[in-house]
Ligand SMILES: Cc1cc2nc3c(=O)[nH]c(=O)nc-3n(C[C@H](O)[C@H](O)[C@H](O)COP(=O)(O)O)c2cc1C
């Protein structure tokens, strides 16, 4: 799909069909993630794929926001792979994780799927449920699936500032 069309059609999906996402599409989404940029190419992520009812139940214990998705990516950051900006000292790992999540959002649309970025998750509960090693922290989850017919973009989706409200010329 053309990138302009992907940007125009993406919205946060809060109702999914129960139909499973084909393995081939799951693999493609992971391929898109692999190609995403990260600070100093640190690739500080580990991705857990939940697409069985037992796995999805574990995720639901940590978040009320899975919206019936048959597939949830749990995005974890590896605290041993942090990398800081030399001027500000600011760690770039959260930016890296945001890029990974965003790649999944747009990648899903490209494959005829919908998705949503969810931070409303208890990282400690999910860490325990998944038996994650000490160095991993749950950053967010991204539920993915086919969009339910009843699903509409939220009011927030339609509420955007005009470009002139956020553009500034550098003199
Ligand atoms: C970092 C981040 C965290 C978010 N967390 C949640 C969440 O926990 N639950 C939820 O329903 N939506 C969540 N969203 C979706 C936003 O509410 C949504 O992107 C925003 O309202 C704009 O709507 P749109 O994505 O449909 O254009 C999150 C989005 C981002 C970027």
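Throughout, read-outs are computed from the coordinates displayed, never taken from laboratory work. Keep in mind that this is a model prediction, so the values were computed, not measured. Because the Cβ atoms are built from the backbone with ideal geometry, glycine has one as well, and the counts that use them run over all protein chains shown.
Quick rundown of the values:
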| quantity | calculated |
| --- | --- |
| Length-normalised contact order of the chain in % [C-alpha pairs under 8 Å, at least 6 apart] | 33 percent |
| Globularity ratio of the range 1-52, using Cα Rg and 2.2 N^0.38 Å | 1.42 |
| Fraction of the pair-distance distribution of the range 3-166 above 18 Å, Cα-Cα pairs, percent | 61 percent |
| Considering only the chain, percent of DSSP beta bridges that pair antiparallel, nearest 5 | 95 percent |
| Binned Cα-Cα distance frequencies in the range 52-138 - 10 Å width, integer % | 15, 42, 33, 9, 1 |
| Choice from 134, 62, 148 showing the highest fluctuation, given a GNM over the chain with Cα pairs closer than 10 Å | 134 |
| Sorted by Cβ density within 10 Å, fewest first, the residues 122, 19 | 19, 122 |
| Rough spin-label spacing in nm, given labels placed 7 Å along Cα→Cβ, for residue 166 and residue 84 | 2.9 nm |
| Euclidean distance between Cα centres, the range 56-72 to the range 90-121, Å | 16 Å |
| Rel. contact order, % - alpha carbon contacts under 8 angstrom, at least six apart, the range 77-171 | 28 percent |
| Label-to-label distance, nm, for residues given as residue 61 and residue 154 (7 Å Cα→Cβ offset) | 2.6 nm |
| Label-point separation in nm, residue 41 to residue 4, each point 7 Å along Cα→Cβ | 3.3 nm |
